[in-house]
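Have a look at the structure below, then the notes.
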Amino acid sequence: MFDVFDLSRILVRSITQLCVADHADDPEIIAQWTANKNPATIRDWIDAGAQIWLAEQAGQPAAVGALGQDGDITLLYIDPDHTGGGVGRALLEKLERELIRAGHAEGRLEATKTAYPFYARHGWQATGGCSQRTDLSCLHMRKSLHPQH
């Protein structure tokens, strides 16, 4: 079992240090975005059935990924000390495999400005803005999970 404190630390560090294009270092936006990224809330997500993965790199907690009940990718955050080493790509591929295993023909997620280029490089396509989000820039994205022939 992984440590909810590691998960929380990765989420908060990734948001505050890597997502500057989204929050522009605005303390209020950062506080709102990270408010539910604490260990107690993460424990509640797990208790409610969220599927959460912690990726390690060189024996250190490096990334967090999660799938929601409806098959959406709900989290994919990389610790700032572990960017560029392939852990994000590997975790995204893991989440996509889990979606396929669960019978989903398509993956869906909401991407920030920061994450959009990463997802686009891995075959995800923007399908419009996120109408539910007013606090952050957000793009709905999708990807067919059918194998390419």
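The values are calculated or read from the model by the stated rules, or taken from the named source; none is laboratory data. All figures in this text were calculated on a predicted structure; none of them were measured in a lab. Here the Cβ positions follow ideal geometry from the backbone for every residue, glycine too, while neighbour counts run over all protein chains shown.
Things to note:
- Qualifying residue in region 32-51 (condition: within 30 Å of H146 (Cβ to Cβ), at pLDDT below 95, surrounded by 12 or more Cβ atoms within 10 Å (Cβ to Cβ) and in contact with a Leu (Cβ under 7 Å, 6 or more places away or on another chain)): yes
- Residues in region 7-31 that are more than 10 Å from D79 (Cα to Cα) and either surrounded by fewer than 16 Cβ atoms within 10 Å (Cβ to Cβ) or charged (D, E, K, R) (or both): V20, A21, D22, A24, D25, D26, P27, E28, A31.
- Close contacts from region 26-46, counting a first residue that is under 24 Å from Q69 (Cβ atoms) and a second that is hydrophobic (A, V, I, L, M, F, W, C) and exposed (fewer than 13 other Cβ atoms within 10 Å of the Cβ), with Cβ to Cβ under 7 Å and a gap of 6+ residues or different chains, come to P39/F5.
- Out of G59, G65, G85, sole residue that is under 30 Å from S144 (Cβ atoms) and surrounded by fewer than 20 Cβ atoms within 10 Å (Cβ to Cβ): G85
- Within region 101-128, the residues that satisfy the criterion of being farther than 26 Å from I30 by Cβ and part of a strand (DSSP E or B) are E106, G107, Q125, T127.
- When the criteria are applied in full, I78 meets the requirement of being of a type outside the set (D, E, K, R), surrounded by 19 or more Cβ atoms within 10 Å (Cβ to Cβ) and either within 17 Å of P117 (Cα to Cα) or touching a residue at least 60 places away in the same chain (Cβ under 8 Å) (or both).
- Qualifying residue in region 92-112 (condition: surrounded by fewer than 17 Cβ atoms within 10 Å (Cβ to Cβ) and at positive phi): yes
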